[in-house]
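Report on one structure; see the data block that follows.
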Amino acid sequence: MDNIINEIKKLKKEKNAVILAHYYVCDEVQEIADFVGDSYYLSKKATEVSESMIVFAGVKFMGESAKILNPEKTVVMVDGKADCPMAHMVTPEKIEEVRSKYDDLAVCCYINSTAEIKAHSDVCVTSSNALKIVKSLPNKNIFFIPDGNLGRYIAEKVTDKNFIFNDGYCPVHVKITRQDIINKKKEYPNAKVLIHPECTPDAVELADYAGSTAGIIDYATKSHCDEFIIATEKGVLYELRNKNPEKKFYTVNDSQICPDMKYVTLEKIKNVIENTENVVELSEKMSEGAKKALDEMLRLAE
Ligand code: SF4
């Protein structure tokens, strides 16, 4: 393993490359990445790095966002097939249909969406900043896409707006069920339950804290409690344990694994840097439209 890590380090220097990785990729990738974070952190970081090549250890929509925000840089995906199923769970036609039915409407697009969908939206959000951004919008009607669960979670906290929901969902988070959490809580009655709002509302209801992966890490790190049940993709355990070696973390069940995030390996990182493979390319028209929604997110989240 040391060999490949040294090769990656050497290639990074030669190609002036930086590695951005999501908390859901496997431990050894998080260990060698230059920056690790959730979608909001990574999209901000992509606008700050000085290297000419961004190597994205994550899924397709993340690399697209990095490219849209940095059109002059070369953005490569570690695995060209790694994609988020939820990103495709809404269509431009559906957005236009809702736009035609409601006046004073903002189309709020979770960053887990394709560049095409972002280009049809007014503003992007992540699970870290969705509440702040939705609250700050002047519009009366909010069409929240593509994730119905995150949309409902935000709507519960913003009672002065009318929400229209989409039926998209994360196939990984919906498998973390209410009953699984109840069973785990019986096993570890003193543990606090920390959950991602992509989970179903009846599961979120049981949590002591609901928030983004970065929020979950922050909560566990600052908490006086020393046991936690973690209801999100299990890749986050790497950072949780790094930051809190004395605390205990339990998963809810065996299905907290995003298969697409696990396509990312050290071997593939070496190859894409070496051969400049899986370059993210987007049409100018699509990039311009999607950039407006992403810029609006960065502006409103400040
Ligand atoms: S965990 Fe869910 S939302 Fe995140 S990338 Fe995987 S499928 Fe998409």
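The values are calculated or read from the model by the stated rules, or taken from the named source; none is laboratory data. If you're wondering where the values come from, they're calculated on a predicted model, not measured in any experiment. Cβ placement follows ideal geometry from the backbone for every residue including glycine, while neighbour counts extend to all protein chains displayed.
Looking only at region 105-114, decide whether some residue is over 18 Å from L294 (Cβ atoms), of a type in the set (V, I, T) and in the same structural domain as A293 (by TED's automatic domain parsing). No.
Considering region 127-138, and only residues there that are part of a helix (DSSP H, G or I) and over 19 Å from the mean Cα position of the chain (by Cα), the residue that is nearest to M297 (Cα to Cα) turns out to be S136. In region 68-121, of all residues being free of Cβ contacts under 8 Å to residues at least 40 places away in the same chain and among the hydroxyl-bearing types (S, T, Y), the one that is surrounded by the most Cβ atoms within 10 Å (Cβ to Cβ) corresponds to T91. Residues in region 234-287 that are among the basic types (K, R), within 16 Å of the ligand (Cβ to nearest atom) and touching a strand residue (DSSP E or B) at 6+ places or on another chain (Cβ under 8 Å): K234 only. Within region 139-177, the residues that satisfy the criterion of being over 15 Å from T91 (Cα atoms), touching a residue at least 24 places away in the same chain (Cβ under 8 Å) and in a loop (DSSP other than H, G, I, E, B) are N139, K140, V158, K161, C170, P171, V172, I176, T177. The residues on offer are K234, K270, K185, K291, and the sole one that is surrounded by 15 or more Cβ atoms within 10 Å (Cβ to Cβ), on the phi < 0 side of the Ramachandran plot and part of a loop (DSSP other than H, G, I, E, B) is K234. If you filter region 204-231 down to residues that are within 16 Å of the ligand (Cβ to nearest atom) and assigned to a loop (DSSP other than H, G, I, E, B), you find that the one that is nearest to P259 (Cα to Cα) is S212. Here is a check on your reading of the model: is K247 within 19 Å of the chain's Cα centre (by Cα), modelled with pLDDT of 95 or more, more than 20 Å from F35 (Cα to Cα) and of a type in the set (K, R)? In short, no.
Residues checked against (1) under 30 Å from K234 (Cα atoms); (2) within 16 Å of the ligand (Cβ to nearest atom); (3) touching a Gly at 6+ places or on another chain (Cβ under 8 Å):
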residue	(1), (2), (3)
S136	no, no, no
D147	yes, yes, yes
Y153	yes, yes, no
K157	yes, no, no
V172	yes, yes, no
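The set of residues in region 233-253 that are of a type in the set (S, T, Y) and in contact with a Leu (Cβ under 8 Å, 6 or more places away or on another chain) contains only T251. For region 273-288, taking the residues that are among the acidic types (D, E) and part of a helix (DSSP H, G or I), the one that is nearest to A119 (Cα to Cα) is identified as E288. Restricting the first member to region 242-262 and to residues that are over 26 Å from G80 (Cα atoms) and aliphatic (A, V, I, L, M), and the second to residues that are assigned to a helix (DSSP H, G or I) and more than 16 Å from the ligand (Cβ to nearest atom), the beta-carbon pairs closer than 6 Å and six or more apart or on different chains are V252/D180; V252/I181; V252/K184.
Checked against (1) closer than 13 Å to V107 by Cβ; (2) surrounded by fewer than 19 Cβ atoms within 10 Å (Cβ to Cβ), R152 passes all but condition (1).
Considering every residue within region 130-141, establish whether at least one is touching a strand residue (DSSP E or B) at 6+ places or on another chain (Cβ under 9 Å) and closer than 19 Å to Y23 by Cβ. Within region 130-141, one or more residues are touching a strand residue (DSSP E or B) at 6+ places or on another chain (Cβ under 9 Å) and closer than 19 Å to Y23 by Cβ. When we screen Y24, Y40 for residues that are of a type in the set (S, T, Y) and either free of Cβ contacts under 8 Å to residues at least 60 places away in the same chain or not in a helix (DSSP H, G or I) (or both), the only hit is Y24. Taken over region 188-203, residues that are touching a residue at least 12 places away in the same chain (Cβ under 8 Å) and either assigned to a strand (DSSP E or B) or away from the ligand (no atom under 15 Å from the Cβ) (or both) amount to 9.
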